[in-house]
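K.L.:
Take this structure, written in C-alpha cells, and hold onto it; I'll ask about it next.
Quick note: the coordinates plus some simple rules give every number you see, no bench work behind them. None of the values given here were measured: they were computed from a predicted structure. Don't worry about glycine lacking a Cβ; one is built from the backbone with ideal geometry, like all the others, and counts go over all protein chains shown.
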Amino acid sequence: MSQVRPIGYKAYSPRPFLKKDREKVEILFGGLSWRAENVLQALFENLGYLARPLPPPTREDLMLGRELADIGQCCPTSFTAGNLANFLRTETDRIGPDAVVENYVYLTAGACGACRFGQYRQSYELALRGLGLDSFRMFLLAQDELDQGEIAGGGIEMNMPLTIGALWAVLCTDVLQSLEYQTRPYEVTKGQTDKVVRESVDFLCDKFRKRPYRGKKLGVLVWHLTTNYFVDALREVFDRFKAIEVDRLQAKPVVKITGEFYIQTVEGAPSYDIHAWLENEGSEVYPAAVATWFDYLFRIRAQAIAEYVGIKPRARIELARIKGLHYLYGWAYNRLRAALRNIPHEMPSQSELRRLAAPYYHHRLQGGEGDMLIGKALWAHLRNKAHMICELSPYGCLPNTMSVGAMAGVLGDHPDLLYAPLEVKGDAEVHALSRCQMVLTEAKKRAKSEFEAALEQSGLTLEMARERLDAMPEMKKATYHVPGHGWVGIGANLVTELARESGR
Amino acid sequence: MWRTWFGTGHSGSARPRSELRVGIPRTLNVWSTHQFWVAFFAALGLQPSRIVFSSNTSEEQGRNFGRGRGTVDCCYPVKCMSGHYGELVFGQKRKVDILFSPMIRSLPSLLSGHVVDLLSCPRVMAGPESTKAGFIREKDAFAEQSIRYVAPLVCLAEPVLVPRQLHESLADVIPGLTYRETRAAVDAGFAALEDFSNAARAQSRDILRQCARKNDPCILVLARPYHMDPGIGHEIEVDLQACGYPVLWTQYLPTDADVMDWLFGEDIRSGDISSPFDISDVWPSSYSSNTNEIIWGAKVGSRIPWVTCVIRLASYECGMDQPTFSPVQKIVESSGTLFFSFQDLDCTKPAGALKIRVETIRHYVGQHGKRIITRKLAGLGKPCPFTV
Ligand code: SF4
Ligand code: SF4
C-alpha cells in the first residue's frame, strides 16, 4: 500500500535564474557600506550583470522586517529582511508583482554559521510570503568560498572573477573609509571630505567597471595580487585628498567601533547613525573594517584545521596552505593601504586578537565576531589605538550577548578601559546615545589631558604649536601622515611631531 | 611534573584522583551529555559519587547563589547559569575541588552525517565564558574558594578531537593524567552516552508499541534538551503525563530501520529525501544540532499515528527557535496532528495559564485522539513495526 505523506510544508526553493535572463534580470544586494555597495555594483557590471544595491536601510525597514518575519529576531535580520521587503513592495506598487518576481533576484551572504546568520533564509522566506511574493528568487551564498561555481541555475557564476573582485572592492573601500574618517573631523572646509569621497568612489567604480579580463581561475587571483591597477587607482584617490586642508591640532577622542558585523559596518539607521553622531559630538571615529572580518574568516578556517594536525594526514599541508593565503591577504591589504601612504588603520593581527581575548573568550567559540570583540577592545586599549570602545550589539543577537557578558571579566582586570556597549534595537536611540554620551565625556577628558601632556612634554603652548604648524603647510593637508609618538589622539601626536620637526 | 603531581596551592591538583570532587553545572547541553561526563570522569578514576551536579534550576537557586553575578540579559537557560555556578562554588556542604563547565561547541546527534553541521547555539557554547565573568570581575571567586575552574571547549560531534581537547584542559588539574587514558575515558564516555540513548529509544519504542496495541494517543515534546529541567520547561510534560498520556521526547524517538522505513521509505524512494534523517526538504539551514533535531522530530511526530499531539517548548528571548516556529507548526499540522506551543518560557512558572492550557490539550487529545490515529494510520503502509 502506498503512503499518504504529510507534505504540507516544504522549504523555500527558488526557481532557477538562467544565464539567458542575465540581461533582463537585475540582481539586488545590500548589507555593506554605501562605498562598497557602489563599487560592487560596478564590479557586477564589469562581469556583464545588471545589479543594484538596495536603498540605505531605514527604521521603516526594521519595522516592516519585524512585522513580516518575526518580532524577536536579531535586528540585523529585521533590517535586511525589511529593507528587501520595502523595496519589493514599492516596486510591486509601481510595476506589479509579476514583473517584480521576473525582473529581480536577491543575492546575499547567509548560508553559514551557528547563529541567526545561518537562518536568514527563513526570515526572508517569511517576509516574501508575507508580501505575497513567494515566487521571488533569492540566493544565499557561503561567505567563505571563493569558487562556488554556477548558482541559481546558471544566472550567477560565483567564480573567482566575482569573489576576488568583490574582495578587492571591499579592501579598496575599506582603506578609503579609514582615510575619510581620519580626515573629516579635522577638515577646515565643512563638507569637503564628503565631496572628495563621493568623487573617489565614483572614480573607483569606473576602475572596477573597466577591470581587465584575466580568466576565471587562478590567473585572476595572481593578477589581483600583483597588478598596480588598484594601487594606482588609490594613488589617484590620494591625490584628490591632497586638496583637503585639515586642522589636526585638536584634542579629539578616538572612538573605536566594534560590534556585530552588519550593525558596525552599515553606517546609518541600523546603528543609530552612531558614526555621524560621534563625529558631531567632537570625536574621531575609528570605523570597523570589513577587511578584518575576512581576516578572521581565514583564522577560523586555520583554527579548525589546526585541531586536526597530528590526527588527519593532510591537515598540516592544508594548514600551511590556508596560512599562506592568509598571509597574502594581509599583504594585499597593506599594499592598498600603502597607496594611501599608510594613513588608513592597520589590520590588527589575528593572533594578537586571539591571544588578548584568550583569558576571557575561547577562540573557537563560533558565531558573530567570536573572540574578536574582546580581542579588539583590548587591542585598541592596550595598544593606544583608541580612547574608548563603542560596541554595537544588536538586540536579540546570540553571540554578542555572550561576549558582552565576558567583557565584565575584562573590565574587572582593566578598569580603565572605556567601554560603551550599546544595545541596538532600532527604536531606543535616545537611551543608547545617552549611554554612549556618558562614556564619551570621559573619553573627551582623556583626550584633552593627553593633548595637554603632549604640549607640556614638548615645551610648547598651543599658540606656539599653531605657529609652527602654519609654517609647515604640508602638515595641514589631509594626506600628511602624522607619525605615532605613543599618544592615542592625532592632535597629541602632531604636537610631539611639531616639536621634533622644529628641533631638527 | 612536580606541579602536576603535588599541586600549586589549588586543592584541585593536590589530592589523589579518587578524592577529587568535581562540580558540574546542570545546565544547557549537559542535559543531553551528562552520561558522557559521568562515565568519562569515572574512567579516569574519580568516584562517581564525587561527581556533583548542581540542582535543577529554580528561582530560589538564582536568588541564593546567582544574585549580582549575572553579566547578560538573554534567554533564561543561559541567565540561570550564574545560580548553578554559585550553588557549586558557595552552596556545597563538601566543597568541590573542580568546577567543570564544558563549552560544548558541537553535539553528538542522531542526524550526524545527514545535516550541514551539528553546532550548538552560540549561547550554549559561550554560556560558561559569560557566566565565569560574573565570578571573576571583582575578585576571583573560584580562587578564593580554592576551586579550579575548568571550562574546556569540546567538539563532541568530532570525537577524534575530544581526547586532546580534554587532556589539554585537565592535565593540570587531574594528577598524572595522560593522553592515552584520556582517550580511553573519552571512548568510555561516548559508549555510555550511546548506551543511554539506545535504552531511552528502546523505551520510547516500547511506549509506542503499547499505544499501538491499545490504539491510545501519546504526546511528543519538541524542545531543547534543557527544557527537561523543571525550572526551564516548567514540567509541562509532567502535567500532561498526569492526564494519562505517555510523553515522548524528540531526542529519544526510536530510530530503528524498520520504523524509519515505515515512516519515510516512500519519500526516500520518490527521491524527496536521501535518508530518514535528511531534513533538507524542510530545513536546508541545518547548522544547529538541537534545532535540527527539533525539525526532524516534527517530521517524525507528524507521521507516527499515535503521536496525536505535539507540544513545542521554547524559552523567552531564544533567538534560535524563532525561525523554526512556523515550519515546525506547518510540518506537524500537515498530517492533522494537534500542535500546541509554549513559546515564552521564562524563570517564573505561569502556573494558572499553564493549567488552563494543559486542560485544553487534554480536552482536544481526548476528543480527537482516536480519529487522528485512524487517519494517520491510513496514510501509512503495512506492516506496522509497532504491531508486528
Ligand atoms: S551575529 Fe547576532 S545579529 Fe548577527 S546574524 Fe548572528 S545573531 Fe544576528
Ligand atoms: S537555543 Fe535559545 S534558549 Fe537555548 S541558549 Fe540558545 S538562545 Fe538560549
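K.L.:
If each residue of separation counts as 0.36 nm, what is the full-extension length gain between A:Asn342 and A:Arg321 once their alpha-carbon separation is subtracted?
P.N.:
4.8 nm
K.L.:
Just list whichever of A:Lys195/A:Lys385; A:Lys425/B:Lys79; A:Lys10/A:Lys425; B:Lys299/B:Lys370; A:Lys190/A:Lys477 have alpha carbons separated by over 22 Å in the model shown.
P.N.:
A:Lys195/A:Lys385; A:Lys10/A:Lys425
K.L.:
Turning to a different aspect of this structure: Name the longest site-free stretch of chain B, where the excluded sites are trypsin sites (Lys or Arg not before Pro) in a DSSP loop with no more than 16 other beta-carbon atoms within 10 Å.
P.N.:
B:140-388
K.L.:
Among rounded, prolate and oblate, which fits the range B:2-193 when a ≥ b ≥ c are the square roots of the eigenvalues of its C-alpha gyration tensor, a/c under 1.5 means rounded, and a/b larger than b/c means prolate?
P.N.:
oblate
K.L.:
Is there a pair in A:Lys252/B:Lys132; A:Lys312/B:Lys132; B:Lys214/B:Lys330; A:Lys24/A:Lys210 whose C-alpha atoms are over 26 Å apart, and which pairs would that be?
P.N.:
Checking Cα-Cα distances, A:Lys252/B:Lys132; A:Lys312/B:Lys132; B:Lys214/B:Lys330 exceed 26 Å.
K.L.:
Something else: Give, as a single signed number, the net charge of other residues whose beta carbon lies under 15 Å from the beta carbon of A:Met388, with Lys and Arg counted +1 and Asp and Glu -1.
P.N.:
My count for the surroundings of A:Met388 gives +3.
K.L.:
Here's a follow-up. How long is the protein assembly as shown along each principal axis, judged by its Cα atoms, biggest number first, in Å?
P.N.:
Rounded to whole Å, the extents work out to 98, 73, 56 Å.
K.L.:
Next up: With Cβ to Cβ distances under 12 Å as the rule, what net charge do the other residues near B:Ser49 carry (K, R +1; D, E -1)?
P.N.:
After counting each charged neighbour, the total is +2.
K.L.:
State, as an integer percentage, the relative contact order of the range B:204-378 based on alpha-carbon contacts under 8 Å between residues 6 or more apart.
P.N.:
29
K.L.:
For the range B:2-193, give me the percentage of DSSP beta bridges that are antiparallel, rounded to the nearest 5 percent.
P.N.:
Around 10 percent antiparallel, to the nearest 5.
K.L.:
Can I ask one more? Chymotrypsin sites (Phe, Trp or Tyr not before Pro), restricted to the range A:129-230: which are DSSP loop and have at most 13 other Cβ atoms within 10 Å?
P.N.:
Answer in residue order: A:Tyr213.
K.L.:
Report the Cα-based extents of the range B:204-378 along its three principal axes, largest first, to the nearest Å.
P.N.:
Principal extents (largest minus smallest coordinate, Cα): 47, 39, 24 Å.
K.L.:
Give, as a single signed number, the net charge of other residues whose beta carbon lies under 9 Å from the beta carbon of A:Glu369, with Lys and Arg counted +1 and Asp and Glu -1.
P.N.:
Counting the neighbours of A:Glu369, the net charge comes to -1.
K.L.:
Still on this structure, please answer the following. Under the classification rounded if a/c is under 1.5, otherwise prolate if a/b is larger than b/c and oblate if not, where does chain A fall, given a ≥ b ≥ c as square roots of the Cα gyration tensor eigenvalues?
P.N.:
Prolate, because a/c is 1.5 or more and a/b exceeds b/c.
K.L.:
For the range A:280-315, state which trypsin sites (Lys or Arg not before Pro) are in a DSSP loop and have at most 12 other beta carbons lying within 10 Å of their beta carbon.
P.N.:
A:Arg314
K.L.:
Which whole-number percentage describes the relative contact order of chain B, with Cα contacts under 8 Å and a sequence gap of 6 or more?
P.N.:
For chain B, the relative contact order is 19 percent.
K.L.:
Compute the distance from the alpha-carbon center of the range A:294-313 to that of the range A:431-462, in whole Å.
P.N.:
42
K.L.:
Can you grab the distance from the C-alpha centre of the range A:7-49 to the C-alpha centre of the range B:24-70, Å, no decimals?
P.N.:
Distance between centres, Cα-based: 49 Å.
K.L.:
How big is the charge dipole of the protein assembly as shown about its Cα centre, in debye rounded to the nearest 20, if each Lys and Arg gets +1 on its Cβ and each Asp and Glu gets -1 on its Cβ?
P.N.:
Computed charge dipole of the protein assembly as shown: roughly 1600 debye.
K.L.:
Same structure, new question: For the residue pair B:Asn64 and A:Lys242, what label-to-label distance in nm results when each label sits 7 Å from Cα along the Cα-to-beta-carbon direction?
P.N.:
Between B:Asn64 and A:Lys242, the simple spin-label model gives 7.5 nm.
K.L.:
When the Cα centres of the range B:236-269 and the range B:273-301 are compared, how far apart do they sit, in Å?
P.N.:
Here the answer is 14 Å between Cα centres.
K.L.:
Ok, one more. Averaged over peptide B:129-140, how many Cβ atoms belonging to another chain are found within 10 Å of each residue's Cβ?
P.N.:
The mean count of partner-chain Cβ atoms within 10 Å per residue comes to 6.
K.L.:
Treating the beta-carbon of each Lys and Arg as +1 and of each Asp and Glu as -1, no other charges, what is the dipole magnitude of the range B:7-165 about its Cα centre, to the nearest 20 debye?
P.N.:
380
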